[in-house]
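**Student:** Starting off with a structure, shown below.
The values are calculated or read from the model by the stated rules, or taken from the named source; none is laboratory data. Nothing here was measured: the structure is a model prediction, and the numbers come from that model. Reconstructed Cβ throughout: ideal geometry from the backbone, glycine too, with neighbour counts over all protein chains shown.
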Amino acid sequence: MIRWFVQARGSTPGHLHPRRGVFAALLALAGLALAPSAQAQPAGTASPAGKCPPLLQHTLPRLQDEKPQSLCQYAGRAVLVVNTASYCGFTGQYKGLEALHQRYQSRGLVVLGFPANDFGRQEPGSNAAIADFCENTFGVKFPMFSKIQVVGRNAHPLYQQLAERTGERPGWNFHKYLIARDGSTVRSYPSATDPNDPDLIKDIEKIISTK
């Protein structure tokens, strides 16, 4: 049996108080018993930063209520990022984007919409007005976020990273970026690429088939 002692106050350096020694032993044993469980994580899990690729390590307000949402919740999924606008010649693509989301979400795809007023001032409304338009006009259910800038000096860091990865910045509304499940690969598609474009569908099928 290991005997624990602490030095009594006012005693000489070599003099140990046995009662305090017992008390210290109990505290030490309790600490040893509690420490592992306080630091342990479930088997097979990692910290959010470890699981989440850098491209998704951003938090943005949700469009409908402006509550902060971490993009890390989409880690492990294929992500189609689209900058949107309500008064654009491509606005009708909302319908195709929602159809893509519904068709492939069970297989690992998520469409993320980011309203922006960068091109032609075609997204001038408030977040509430944009949310109302998207839901009531096109029945949009895929995740949408508050209005941001996607080009220029004040572009959101997410879009800065996407531009760096692909060498392409959005040239207009409804530019698309397709991010692989592990966040390592990004493909870029111009605004004129329809959500039903065969090449886009082919790339989505390939990415979601890769675990």
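**Student:** Among the residues of the stretch 130-148, count how many are within 16 Å of residue 120 (Cβ to Cβ) and touching a helix residue (DSSP H, G or I) at 6+ places or on another chain (Cβ under 8 Å).
**Tutor:** So in the stretch 130-148, the residues within 16 Å of residue 120 (Cβ to Cβ) come out as 130, 147.
Keeping just the survivors that are touching a helix residue (DSSP H, G or I) at 6+ places or on another chain (Cβ under 8 Å) gives 147.
Here the count works out to 1.
**Student:** Can you name the residue in the stretch 130-145 that is surrounded by 13 or more Cβ atoms within 10 Å (Cβ to Cβ) and part of a helix (DSSP H, G or I) and is also farthest from the chain's Cα centre (by Cα) among such residues? Show your work before the answer.
**Tutor:** Filtering the stretch 130-145 down to residues surrounded by 13 or more Cβ atoms within 10 Å (Cβ to Cβ) leaves 130-135, 137-138, 140-145.
From the residues that got through so far, the ones that are part of a helix (DSSP H, G or I) too are 130-135, 137-138.
Details: 130: 22, 131: 20, 132: 24, 133: 25, 134: 22, 135: 23, 137: 27, 138: 25 Å.
Residue satisfying both the conditions and the ranking: 137.
**Student:** If you go through the stretch 159-192, how many residues are polar (S, T, N, Q) and under 15 Å from residue 115 (Cα atoms)?
**Tutor:** 2
**Student:** Report, by residue number, each residue of the stretch 56-90 that is assigned to a strand (DSSP E or B) and among the basic types (Lys, Arg). Don't jump to the end; show me each part of the working.
**Tutor:** Of the stretch 56-90, the ones assigned to a strand (DSSP E or B) are 59-62, 68-70, 78-84.
Result: 62, single match.
**Student:** Would you tally the residues in the stretch 154-171 being under 14 Å from residue 81 (Cα atoms), more than 17 Å from the chain's Cα centre (by Cα) and in a loop (DSSP other than H, G, I, E, B)?
**Tutor:** 3
**Student:** Also, I was wondering about something else. When the stretch 174-194 is examined, which residues are found to be more than 22 Å from the chain's Cα centre (by Cα) and not hydrophobic (A, V, I, L, M, F, W, C)?
**Tutor:** Result: 190, 191, 193, 194.
**Student:** Turning to a different aspect of this structure: Taking only pairs six or more apart or across chains, which ones have beta-carbon atoms under 9 Å, a first residue in the stretch 185-211 that is not assigned by TED's automatic domain parsing to the domain that holds residue 103, and a second residue that is part of a helix (DSSP H, G or I) and of a type in the set (Val, Ile, Thr)?
**Tutor:** none
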